[in-house]
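Okay, structure first, notes after.
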Amino acid sequence: MTSPLAYTIAMTENSMPLPTLIATSVVRGAEQGDSHGGIYLVNFADQEVTQVVDWNTSEIDFQGRGWDRGLRGIAFFEDEIYVAASDELFVYDTAFRIQRSFRSTYLKHCHEIFRLNHHLYLTSTGHDSILAFDLEKQAFFWAIHLSVGEDGPRGIVYDPQGINGPGGANGPKAQNLLHLNNVFADRRGMFISGLRSGGILHVGPGNVVSKMADRPEGMHNARPFREGVLFNDTSANVVRYVSRDGTQRVFPVPVYEPSELEHFGLTDGKLARQGFGRGLCVVNDHVIAAGSSPSTITLYDVDAGIEISRVNFSMDVRNAIHGLEVWPY
C-alpha cells in the first residue's frame with residue numbers, strides 16, 4: 001500500500017459516497033529493470049492506493065510483449081477482470097492472479113476496451129481496427145478495419161482469427177493511420193475515436209460507418225454521455241463535456257510545480273508529459289473520473305462544474321494513467 005498525495009476539495013451536492021476505482025498505468029520510455037506501471041485500486045473514501053499488480057514482478061514476462069510497457073484498458077465479466085496489454089488480453093481473478101491470456105495477430109498497440117453483454121471490444125491501434133472477443137466462447141471472432149477518406153469514414157469487416165486459424169493473412173496491414181484509442185458500445189452501435197479520426201465514428205446496422213461528431217485532434221476516451229459527448233481533450237489539457245446544444249463544461253487537468261516532478265527534464269518523445277489527460281470513466285450520471293500524468297486521478301461533478309477530489313500516486317512524469325473504471329467488487 002502506498003501513501004498517495006490526496007485531498008478532497010468538495011463533496012457533491014447529494015453527498016454521495018466517494019468511489020473506489022481501478023486504474024492501469026503505463027511508464028513511457030522505461031527501460032528493462034525500471035518500473036513499467038501496473039494495476040491499482042484507488043479508494044477515494046479512505047484516500048488509499050493499493051498496487052495490486054506490478055508489471056515488473058507479476059507472472060508476465062514483458063520481454064517481447066508490447067510496444068511500450070504496461071497495461072491498458074479494463075473490463076469485467078463474471079467475477080473476472082480483463083486487462084489489455086499492447087498486444088495481449090489478460091484475464092485475472094478478483095485476487096489479481098492471472099488465469100489465462102489471448103492474442104491475435106491483429107491486436108497491436110491496444111489502448112481501451114469495452115464490454116457490452118457477452119462481447120468485449122478492443123481497439124487495435126496498430127491496425128486501425130476494432131476487434132471483438134466472445135466472452136462465453138473465449139475467442140476473438142470479428143473485427144472491423146476503419147479508414148477516413150474524401151468520401152467519409154468506411155469500415156471493412158474481417159476475421160481476426162485468420163483464414164487458417166489465429167494469425168491468418170486476411171486482415172489489414174499494420175499502419176496506425178487513425179490512432180484509434182477508444183471504443184464504446186450500446187444498443188445504438190459502436191462509437192470509436194482516436195487521435196486522428198477527426199471525431200467520433202459510429203458503426204451501426206450493417207456495419208455502416210458514419211461520423212457522429214466532429215472533435216479536435218489529440219483526444220482520448222471520447223464517448224457519448226447524457227445528451228452529448230465526453231472526452232479528454234488531451235492537446236488542450238482539459239476534460240470536456242459538450243452537450244447537444246453546444247454548451248460545455250471544461251475541467252483543467254491537474255499540473256504540478258516542475259520542482260515536484262521526477263524525470264521532468266527528459267525530452268524523449270516516448271515519454272508522457274505533465275498534464276497528459278488519458279483515462280476516463282463515468283461514476284454516475286453527474287460524476288466522472290479522469291486520469292492524467294504524473295499518475296493522478298481526479299473526480300469532477302459535471303453539473304456543479306467543480307473538482308471533487310484528487311489522488312496522485314507517482315510524481316514520475318513518465319508514469320501515466322491509462323485504463324480507468326469503477327471497481328465493481
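The values are calculated or read from the model by the stated rules, or taken from the named source; none is laboratory data. Model, not experiment: these values are computed from the prediction. Heads up, the Cβs are rebuilt from the backbone with ideal geometry, glycines too, and the neighbour counts pull from every protein chain shown. With ligands, DNA and RNA removed, areas are computed over all heavy atoms of the protein, side chains included. Shrake-Rupley method; radii C 1.70, N 1.55, O 1.52, S 1.80 Å.
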So which residues in segment 305-329 are open to solvent by less than 40 Å² (accessible area, probe 1.4 Å), within 17 Å of R240 (Cβ to Cβ) and out of contact with any Lys or Arg (no Cβ under 8 Å at 6 or more places or on another chain), if there are any at all?
E307, L324
Yes or no: segment 230-242 includes at least one residue that is assigned to a strand (DSSP E or B), among the β-branched types (V, I, T) and open to solvent by 10 Å² or more (accessible area, probe 1.4 Å).
yes
List pairs: first in segment 184-199 and outside any strand (DSSP E or B), second buried (at least 18 other Cβ atoms within 10 Å of the Cβ) and among the basic types (K, R), Cβ under 8 Å, 6+ apart or cross-chain?
G198/R215
Options F191, F251: the member that is open to solvent by less than 20 Å² (accessible area, probe 1.4 Å), touching a Pro at 6+ places or on another chain (Cβ under 9 Å), among the aromatic types (F, W, Y) and farther than 17 Å from G126 by Cα:
F191
For E112, state whether it is part of a loop (DSSP other than H, G, I, E, B), over 18 Å from G171 (Cα atoms) and acidic (D, E).
no
Considering only segment 194-219, state which residues are in contact with a Leu (Cβ under 9 Å, 6 or more places away or on another chain), open to solvent by less than 10 Å² (accessible area, probe 1.4 Å) and at pLDDT below 95.
G194, S197, M219
Looking at (1) of a type outside the set (D, E); (2) within 21 Å of T20 (Cα to Cα); (3) touching an Asp or Glu at 6+ places or on another chain (Cβ under 8 Å), which is the only condition G291 fails?
(3)
Please work out which residue is farthest from D46 (Cα to Cα), limiting yourself to segment 278-317 and to residues that are acidic (D, E) and part of a strand (DSSP E or B).
D316
Scanning segment 210-255 for residues that are polar (S, T, N, Q) and in contact with an Asp or Glu (Cβ under 8 Å, 6 or more places away or on another chain), the one nearest to F313 (Cα to Cα) turns out to be N221
Can you tell me which of (1) part of a strand (DSSP E or B); (2) closer than 19 Å to F76 by Cβ is the one E136 doesn't meet?
(1)
Is it the case, given these coordinates, that S35 is over 20 Å from A289 (Cβ atoms), open to solvent by 10 Å² or more (accessible area, probe 1.4 Å) and modelled with pLDDT under 75?
yes
Between R72, R103, R97, R115, which is open to solvent by less than 20 Å² (accessible area, probe 1.4 Å) and basic (K, R)?
R72
